[in-house]
Amino acid sequence: MVGRGRFVFLGRCGVIMAWVRLDDRFATHPKVVCLSNEAYRLYVDALCYSNLQQTDGRVGSKLLRHLASKSVAQWEGTDYETTDNKLSDELVAAGLWEKDGDSWLIHDYL
């Protein structure tokens, strides 16, 4: 479903563009179709960040807080931490993330 990305060097300036490979069927995968829009976005954002920063699929709590949609917390009237936990729990329940101490691992990232 998800493949490790690659780095492409562009021009004489040495600009690096990283990318993540997603299967064409990604959006219709049974683990993905059940996700809320916010969890879907968080999952894709975490994939992109992990590839760019070479975290091997690890999502720390600070990164989760950064990537999680703060607009959802404002809309629902909850605090950011509650929203972070709600989205990470949703990804764990779907089998896309695994809890690992104070962080999460993107399932089958490597």
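The values are calculated or read from the model by the stated rules, or taken from the named source; none is laboratory data. These numbers come from a predicted model, not from an experiment. A quick note on method: Cβ atoms are made from the backbone with ideal geometry, for glycine too, and the neighbour counts reach across all protein chains shown.
Return the residues of the range 5-37 that are in contact with a helix residue (DSSP H, G or I) (Cβ under 6 Å, 6 or more places away or on another chain) and either at pLDDT 90 or above or among the hydrophobic types (A, V, I, L, M, F, W, C) (or both); say none if nothing qualifies. Passing the criteria: ALA18, VAL20. Taking the conditions (1) modelled with pLDDT under 90; (2) farther than 13 Å from ILE106 by Cβ; (3) crowded, with 16+ Cβ neighbours inside 10 Å in turn, LEU67 satisfies each one other than (2). For the range 70-110, the set of residues classified as farther than 28 Å from ARG21 by Cβ, charged (D, E, K, R) and at pLDDT below 90 consists of LYS70, GLU76, ASP79, GLU81, listed by residue number.
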